[in-house]
Amino acid sequence: MPPLPAQQSTLHPPQVPAPRTPRRVPALPGPLLRARAAAATVWYLRLLAVVNIATLGTLLVDATNKVPGATLQDRIAYTLLRGISVGPLADRVDAVHAPRWVDVIINVLIAATFLLVLYACFRAPRGQALLGEDDERRLRDLLAKHGERDSLGYFALRRDKAVVFSPSGKAALTYRVVGGVSLASGDPIGDPEAWPGAIDAWLAEARRHAWTPAVMGASEEAGTIYARHGLDALELGDEAIVDLADFTLGGRAMRVVRQAHNRVRRAGYTIRIRRHEDIPDDEMALLIDRADHWRDGATERGFSMALGRLGDPADGRCVMLECRDAEGEPRALLSFVPWGEHGLSLDLMRRDRACENGLMEYMVVELLMRAGEFGVRRVSLNFAMFRSVFERGSRLGAGPVLRLWRSVLTFFSRWWQIESLYRANAKYRPVWEPRFLLFAKSSDIPRIGLASARAEGFLTAPALPGLPGRRKSPSCS
C-alpha cells in the first residue's frame, strides 16, 4: 500500500519548485496616486460648493424671514427642507416664513448642485496620458515604414492624443477621450498583421476605464479588422484623392476650375511652394500670425484630419503653399502633411476673406501641377461627409427616402459645410475613398456624435473661466 501523501511529503519531500504567485501589476501606477489626490481635492471642492450654497440659502432666509426670533438651527432646517421640496414640507418650521421666490431659488440651487454631483460620480474618467516624446519617436518610426498605407497616418502625431502599442510594438493606435468616449481616428499605424494586437489593447483600455470606444474615418481595410473585434460600421463619407498622373485641366468638365485659375493668375497672384524646414523662422512666424488672423472663430477646428499645430520643427517635411497678391502681401496658405514618401494630405487651409474669388482653386491647381517637383504622386484633399447621399440623391430615379435625406443634409448645409465641401472637392475629378465610423452599440451613436463634434471643434463644452489646471488644446501656433 503506498504511503499517504502527507507522509510522503514529510519523509521524502519531492524536489518540486514552489508555485509562482501571479505578479500583480497595478493598473495605473504613479499617475493613479496623483489621480486619487486630484479626485479627493475635487470632492472637497464639491462638498465646499454644497456647503456654500446651503450657507447662501440660510442667509437669504434670514434676510427675508417674516417671523422674528428664528434660531440658526431653524433657518438651516428650513433651507435644507426647501432644497427637497417647495411644498408644505418646510412649513413644519414655524419660526420661519420666507417669500415664495426665496423657496424656489433655494430649491433650484440645491437641486442643480445635487445633479452636478451625480454627474461627477457616474461619468467616465478622463484620459490623462498624452503623446510623449518617446511615443512620438516610435510613431514616426512606424510611419517611416508604413506611412504609405493611410493618408491620415501623420495626424496620429497630434499631441493631444494618447497611444497604445501592440504587444510586438509593430503597430499603434492613437485616441483621445472626449466626454467618456475613447475616440480613435484613421487606421492603426504600422504593420497590418499587428493591428489586431493594438486594437485589443485599445479596447481593453476602454473597458478598464468604462469608456465608449469609437473610431472616426477608418478605411475599409481597417474597418473590416475593427468589425472582427465586435465593432459595427457606418459609412461617414468619402475622402477625395487626386492621382497626379490622371489630373489635367483640359476638357469641358474642368472648365470652371480652369477659368478660376486663369482669372486669379491674371490678377497678379503668385504661389510659392516649400517644405516647412526650408522656410526661415521669421517668415514662418509671419505665416503663423496670418493663419491665426484668418481663422474663422477662436476655436481651432479639426481632429481626425488636422495636425493641430503649424511651424513645429519636428514637422519639417510638411509642405507649405503661400499665395501672395500683386503687391507681395500674403493672402492665403495651404499646409500639407506627408503621406508616405510620395503623397500629401491636406492639413490647413486659410485665406484672407477680402481676397480674389477662386483663390483656393488656383492654389490647389498650382500644387497639382507642380507637386512632381517634390516627388509627389497623389494628394488627399478634403473629406466630404455623406457624399454618396448628394450624388445618388440627385440622380433620376432616386427613392423618396434618399431624396428626403438629401433635403435634410442640404438644409443643414446652410450652417455647416456639408454639401459645399463635396462640390469643392468634386471639381478636381478625384478618386473617392470611403471612410467609416466604428462603434460598439447603436445606442452609443448620439454620444459618439457629440464627442466627435467636440473633438473637431464644432461644439465647445461650457467651462468656468479661470479654473486652475485647465489646459487649452494646442492651436496652430
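Couple of notes before you dig in:
- Restricting attention to the range 317-338, the residues being open to solvent by 10 Å² or more (accessible area, probe 1.4 Å) and in a loop (DSSP other than H, G, I, E, B) number 6.
- Selected residue [under 20 Å from Pro434 (Cα atoms) and under 30 Å from the mean Cα position of the chain (by Cα)] from Met385, Met349: Met385
- Taking (1) of a type in the set (D, E, K, R); (2) surrounded by 13 or more Cβ atoms within 10 Å (Cβ to Cβ); (3) under 18 Å from Asn425 (Cα atoms) in turn, Arg255 satisfies each apart from (2).
- Qualifying residue in the range 388-404 (condition: at pLDDT 80 or above and surrounded by 13 or more Cβ atoms within 10 Å (Cβ to Cβ)): yes
- Only listed residue being modelled with pLDDT under 85, aliphatic (A, V, I, L, M) and surrounded by 12 or more Cβ atoms within 10 Å (Cβ to Cβ), chosen from Ala461, Ala440, Ala424: Ala424
- Subset of the range 216-243 (residues that are under 21 Å from the mean Cα position of the chain (by Cα), farther than 25 Å from Glu419 by Cβ and open to solvent by 10 Å² or more (accessible area, probe 1.4 Å)): Leu231, Asp232
- Look at the range 355-374: where a residue is open to solvent by 20 Å² or more (accessible area, probe 1.4 Å) and part of a helix (DSSP H, G or I) and a partner is of a type outside the set (A, V, I, L, M, F, W, C) and modelled with pLDDT of 90 or more, sitting 6+ places away or on another chain with Cβ atoms under 7 Å, you get Glu361/His261.
- Taking the listed residues Leu307, Leu287, Leu346, the one that is within 26 Å of Gly250 (Cα to Cα) and open to solvent by less than 60 Å² (accessible area, probe 1.4 Å) is Leu346, with no other qualifying.
- Members of the range 126-139 that are farther than 25 Å from Ala210 by Cα and open to solvent by less than 60 Å² (accessible area, probe 1.4 Å): Glu136, Leu139
- Residue check for Ala384: without any contact (Cβ under 8 Å) to a residue 60 or more places away in the chain and open to solvent by less than 10 Å² (accessible area, probe 1.4 Å): no
- The condition of being closer than 22 Å to Leu234 by Cα and part of a helix (DSSP H, G or I) holds for only one of Ser380, Ser407, that being Ser407.
The values are calculated or read from the model by the stated rules, or taken from the named source; none is laboratory data. Treat the numbers as computed from the prediction; the structure is a model and nothing was measured. Using ideal geometry, Cβ is built from the backbone for each residue, glycine included, and neighbour counts are taken over all protein chains shown. What goes into the accessible areas is simple: the full protein's heavy atoms, side chains included, and nothing from ligands, DNA or RNA. Shrake-Rupley method; radii C 1.70, N 1.55, O 1.52, S 1.80 Å.
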